[in-house]
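In what follows, a single structure is set out as structure tokens and then discussed.
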Amino acid sequence: MAFRARVFEQLFFHASGLSPAFGQSGFFQRFAATPEPIALERFSTWANRTLHVLDAPHVARWYADIESRPAV
């Protein structure tokens, strides 16, 4: 697969899977008026599955690299 196509594949996967999963998981962990264990389990599982697909060790490294930047 061409490099450009692989980059777009990862970008779209991230935008359509990881961001919504983390958003929903974060909402039910921090902001829900009442605890919703089924929703929390569903979205946490979805976020973890998506990270696994993206190769979680590289995602963690990326977050560490970004966090170590002075501007962040």
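The values are calculated or read from the model by the stated rules, or taken from the named source; none is laboratory data. Remember, it's a predicted structure, so these values are computed and weren't measured experimentally. Ideal geometry is used to build each Cβ from the backbone, glycine not excepted, and the neighbour counts take in all protein chains shown.
Does residue 7 fit the bill of being in contact with a Gly (Cβ under 8 Å, 6 or more places away or on another chain) and hydrophobic (A, V, I, L, M, F, W, C)?
On the way: in contact with a Gly (Cβ under 8 Å, 6 or more places away or on another chain): no; hydrophobic (A, V, I, L, M, F, W, C): yes.
Considered against the rule, which asks whether it is in contact with a Gly (Cβ under 8 Å, 6 or more places away or on another chain) and hydrophobic (A, V, I, L, M, F, W, C), residue 7 comes out as no.
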Only one of (1) surrounded by fewer than 10 Cβ atoms within 10 Å (Cβ to Cβ); (2) modelled with pLDDT under 85; (3) hydroxyl-bearing (Ser, Thr, Tyr) is not met by residue 16, so which one is it? (1)
Could you tell me which residue of the range 19-36 is farthest from residue 47 (Cα to Cα), considering only residues that are small (Gly, Ala, Ser) and surrounded by 11 or more Cβ atoms within 10 Å (Cβ to Cβ)? 32
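Which helices (runs of 4 or more DSSP H) does the range 19-72 wholly contain that include 3 or more residues that are touching a helix residue (DSSP H, G or I) at 6+ places or on another chain (Cβ under 8 Å)?
Numbers: elements: 19-30, 37-53, 56-67.
Ranges flagged: 19-30, 37-53.
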Please enumerate the residues belonging to the range 39-57 that are surrounded by 10 or more Cβ atoms within 10 Å (Cβ to Cβ) and either over 19 Å from residue 21 (Cβ atoms) or not hydrophobic (A, V, I, L, M, F, W, C) (or both). 41, 42, 44, 45, 48, 49, 50, 52, 55
